[in-house]
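Have a look at the structure below, then the notes.
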Amino acid sequence: MNMQIQKPLKLYIADLFGNGEPLDVKGIHELVSAYYPGEKYCSVSTIAEHLKSLKAVGLLHEEGSYVDDGGELVSVYRISEYGLDKLHKAQ
């Protein structure tokens, strides 16, 4: 049996910020959904919670926000210097 071991979703999300680019929930969902095909926990709401958690511990900061076409407020996140340091040490 040859099973590919996947990173935990939260760690994979943190890794996506490693290049320093700002990302929002929907953008992250598009990137991770291919890596976790068919996983119910890989949802926009779960990703939003992970982003809040990563922000709460200082790995991310909120870069800004905007109102999308559906009238929803969308937060945009970017990795902090502390977060970059932690990512580099983890690799």
Helix-derived [θ] at 222 nm for the chain: sum -39500 (n - 2.57) over DSSP H runs of at least 4, divide by residue count, nearest 500? -13000 deg cm²/dmol
Is the shape of the chain best called rounded, prolate or oblate, per the rule: a/c under 1.5 gives rounded, else a/b larger than b/c gives prolate, else oblate, with a ≥ b ≥ c the square roots of the Cα gyration tensor eigenvalues? oblate
What does the net charge come to around residue 51 if you take all other residues with beta carbon closer than 10 Å to its beta carbon, with K and R at +1 and D and E at -1? 0
Run the numbers for residue 89 and residue 26: contour at 0.36 nm per residue of separation, minus the present Cα-Cα distance, in nm. 19.9 nm
Can you pull out the GluC sites (Glu not before Pro) in region 14-82 that DSSP calls coil and that have at most 14 other Cβ atoms within 10 Å? 39, 72
What percent do you get for the relative contact order of the chain when only Cα pairs under 8 Å and 6+ apart count? 31
If R0 = 30 Å, then residue 15 and residue 74, at their Cβ-Cβ distance, give a FRET efficiency to the nearest 0.05 of 0.90
Distant-in-sequence amide H partners of residue 60 (H built 1.01 Å from N, under 5 Å): 55, 80
So what is the orientation-averaged projected area of region 39-91, using the convex hull of its C-alpha atoms, in nm²? 4.8
Among 70, 38, 18, residue whose mean-square fluctuation peaks in a GNM of the chain (springs only between Cα atoms under 10 Å): 70
Count the lysine pairs in region 1-68 whose Cα atoms lie under 18 Å apart, taking only pairs 8 or more positions apart in sequence or on different chains. 8
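Computed from the coordinates by the stated procedures, all read-outs in this text should not be read as laboratory data. Note that this is a predicted model, so its numbers are computed, not measured. We place every Cβ from the backbone using ideal geometry, glycine too, and count neighbours over all the protein chains shown.
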